[in-house]
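Just so it is clear, none of the values below were taken in a lab; they were calculated from the coordinates. Note that the coordinates shown come from a computational prediction; the quantities given were computed from them, not determined experimentally. Here the Cβ is made from the backbone with ideal geometry for all residues, glycine too, and neighbour counts use every protein chain on show.
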Amino acid sequence: MDEWVKNIGRYLSYLVDETFEEYAYDIVDSIAKARIQEELLEGVYKALRLAPKLKKKADSKGCFFQKPSPKDIEALEDRVEELSNTKDLRKLAVSLALWAFAYWNHCPKKENKTEGGVE
């Protein structure tokens with residue numbers, strides 16, 4: 001699997017991670033259901049519009065945040081442009097959505113420290 005697919009999928013996972021309280025399953029679902037190039041790109045666009053809000057939440061909770069790089073987006077656009085049939089486009093769209101639901105540890109737990117002197 002291309003690294004850019006994982007990077008975009010990792011970003012999409014912030015939309016469905018309860019830690020970030022965004023619950024934007026509809027955006028991830030719209031990507032998975034894309035039938036034409038524009039639908040897929042529009043879904044990713046909608047997801048990326050939430051980046052500032054997600055970054056703010058990540059920072060406030062001490063979590064890791066990474067949005068797709070320009071190279072990731074360029075690779076997506078190039079790949080989408082190459083796809084000539086709906087079946088291949090759907091496969092890419094579902095793959096991106098699947099990666100959103102992979103386990104990503106955005107908020108690694110701090111070292112085991114006890115609070116209040118209790119172990």
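Label point of residue 107 set 7 angstrom out along Cα-Cβ; within region 11-46, amide nitrogens under 16 Å from it belong to 13-24. Placing unit charges on each Cβ (+1 for Lys and Arg, -1 for Asp and Glu) gives region 15-119 a dipole about its Cα centre, and among 41, 93, 52 the Cα reaching farthest toward its positive end belongs to 52. In the chain, the longest principal axis of the Cα atoms and the axis of helix 86-100 are about 0 degrees apart. Using Cβ point charges alone (K and R +1, D and E -1), the dipole size of the chain about the Cα centre works out to roughly 220 debye.
The label-point distance for residue 18 and residue 79, in a model that sets each label 7 Å from Cα toward Cβ, rounds to 3.0 nm.
If packing is taken as the average count of other Cβ atoms within 10 Å, what order do 8-14, 101-107, 91-97 fall into, highest mean first? Could you put the intermediate results ahead of the total?
Numbers: 8-14: 23.4, 101-107: 12.7, 91-97: 19.1.
The packing order, highest mean first, is 8-14, 91-97, 101-107.
In the calculated pair distance distribution of the chain, what percentage of Cα-Cα distances lie above 17 Å? The partial results should precede the final answer.
Working: 3904 of 7021 pairs.
That tail contains 56 percent of the Cα-Cα pairs.
Find the relative contact order for region 3-100 and round it to a whole percent, using C-alpha pairs within less than 8 Å whose residues are 6+ positions apart. Computed over region 3-100, the figure is 49 percent. How much length, in nm to one decimal, is gained on full extension between residue 90 and residue 42, taken as 0.36 nm per residue of separation minus their Cα-Cα distance? Fully extending the segment from residue 90 to residue 42 adds 15.9 nm.
Roughly how many Å is it from the Cα centre of region 20-48 to that of region 62-97, as a whole number? Value for the Cα centre distance between the two parts: 11 Å. Placing a label point 7 Å from the Cα of residue 56 along the Cα-to-Cβ direction, the residues of region 1-40 whose backbone N falls under 16 Å of that point are 20-23.
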